[in-house]
Amino acid sequence: MESWNSTLGGAFILMGILDDSDSPELLCAVITALYMLAMTSNGLLLLVITMDAQLHVPMYFLLGQLSLIDFFLTSIIIPKAVVDFLLKDNTISLEGCALQMFLALTLGGAEDLLLAFMAYDRYVAICQPLNYMVLMRPSICWLGVATTWILGFLSALGYTIHTMQYPFCKSHKITHLFCEIPPLLKLACADTSKYELMVYVMGVAFLIPPLATILASYILILFTVLKKPSNEGRKKALVTCSSHLTVVTLYYGALTVMYVLPSSYLSPKQENILSVFYTVVTPALNPIIYSLRNKEVTGALRRVLGKWFLPKQSTFRGF
């Protein structure tokens, strides 16, 4: 087939889940609602963590970073998909496709590593509480967060450059919600088998060590919690950790299926469903999972909203 991406006029057509649904209008409404929920809940959680001094601790600093990542991750994908569906124009330029892929991979890689750092934070807080302020001092927190962003950036840059250097054939249609490596490689004219193997190996290397860190942290946490004499202490620790484990299961489950399993195992429709899951469903649920089961977050939310919306008591006394 003739290559077409060498010309400036080349563009892709994103044929996402909205174009492959029996009820596209209803699905569009649901995805839009989830997007608004993700934006509102993550934005509100960021605001609360920033404004409430009682949440200026490592655990909530990392949670704020997670909300920041989810806020941007869903924003670079869902608005375009919804607007394209409404305007019946699903085209995206080569440059736009590369940028969208780069940003999604950067944010996804950063979140992957951040979740492991959050598990380490919980391990130190519960298993080594006396050393917590030393092992999780501000310099360590900033170094850990900077490392997650830098590694996410570098891996995304390498993936994007390598993927976009392939010549693509006359079929411009990407059967996916956004520009992502597996569906994009199906349009390549050249042999991509070696690169697909590299993506698989790198996916395993990028997903499995953080996941192993998380599992090891929570196994140690479980042993420590079971030894606690206080039922209240055990309950508080388990509630905090169960929230994090729920987030980990939702996020890593979808990504593992997408990037670790061979591409032949998934149909385009299944890939679309998975992409919706980790680009809008998980970002919408993350802040709810953390806030609804965390008394410190709900208390901080009441304090912050109370300062803004509740009238201040007047000090004036009448005669």
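The values are calculated or read from the model by the stated rules, or taken from the named source; none is laboratory data. As the structure is a prediction and not an experimental result, all values here were calculated from the model. Every residue, glycine as well, gets a Cβ built from its backbone with ideal geometry; the counts of neighbours run over all protein chains shown. Note: accessible area is taken over every heavy atom of the protein model, side chains too, but ligands, DNA and RNA are not part of it. Shrake-Rupley method; radii C 1.70, N 1.55, O 1.52, S 1.80 Å.
P(r) tail for the range 147-221, what percent of Cα pairs lie past 22 Å?
37
Return the carbon/sulfur percentage of the accessible area of the range 176-286, one whole number, probe 1.4 Å, all protein chains in place.
72
Roll a 1.4 Å probe over the protein heavy atoms and report the accessible area of Ser267 in Å², nearest 10.
Near enough 50 Å² of accessible area.
For the range 1-144, give the magnitude of the charge dipole about the Cα centre (Cβ charges: +1 Lys/Arg, -1 Asp/Glu; no others), in debye to the nearest 20.
In total the dipole reaches around 640 debye.
With the alpha-carbon atoms as the only input, what is the per residue convex hull volume for the range 42-152 in Å³?
Normalising the Cα hull of the range 42-152 by residue number yields 106 Å³.
Given the rule -39500 (n - 2.57) for each run of at least 4 DSSP H residues, summed and divided by the residues of the chain, what is its mean residue ellipticity at 222 nm, to the nearest 500 deg cm²/dmol?
Mean residue ellipticity at 222 nm (helix-derived): -24000 deg cm²/dmol.
Please work out how much accessible surface Met258 shows to a 1.4 Å probe, ignoring ligands, DNA and RNA, in Å² rounded to 10.
10
Taking all pairs of distinct Cα atoms, average 1/r, flip it, and tell me the Kirkwood hydrodynamic radius of the chain in Å to one decimal place.
One decimal place: 21.4 Å for the Kirkwood radius.
Running a GNM on the chain with Cα contacts under 10 Å, which residue among Pro24, Pro210, Pro268 ends up with the highest mean-square fluctuation?
Between Pro24, Pro210, Pro268, it is Pro24 that shows the largest mean-square fluctuation.
Using the Kirkwood radius over C-alpha pairs as Rh, can you work out the diffusion coefficient of the range 93-203 via Stokes-Einstein at 10 °C, viscosity 1.306 mPa s, in µm² per second?
Approximately 99 µm²/s, per Stokes-Einstein.
Could you please state how large a percent of the accessible area of the range 79-148 is carbon and sulfur, counting protein chains only and using a 1.4 Å probe?
74
Choose one answer from Cys179, Cys28, Cys169: the residue with the largest mean-square fluctuation in a GNM of the chain with alpha-carbon springs under 10 Å.
Looking only at Cys179, Cys28, Cys169, the largest GNM fluctuation is found for Cys169.
Set the bar at 30 Å for Cα to Cα. Now go through Lys235/Lys269; Lys80/Lys295; Lys88/Lys269 and name every pair that lies beyond it.
Lys235/Lys269; Lys80/Lys295
Output the 0 to 90 degree angle, nearest 10, between the alpha-carbon long axis of helix 24-51 and the longest principal axis computed from the alpha carbons of the chain.
40
Under a point-charge model restricted to the Cβ atoms of Lys and Arg (+1) and Asp and Glu (-1), what is the dipole moment magnitude of the chain relative to its Cα centre, in debye to the nearest 20?
Here the size comes out at about 1600 debye.
Place a +1 charge on the Cβ of each Lys and Arg in the range 188-302 and a -1 charge on the Cβ of each Asp and Glu, then give the dipole magnitude about the Cα centre in debye, rounded to the nearest 20.
Roughly 740 debye for the range 188-302.
Projected onto the charge dipole of the chain (+1 at Lys/Arg Cβ, -1 at Asp/Glu Cβ, origin at the Cα centre), which of Phe117, Leu211, Gln165 gives the Cα projection farthest towards the positive end?
Farthest towards the positive pole: Phe117.
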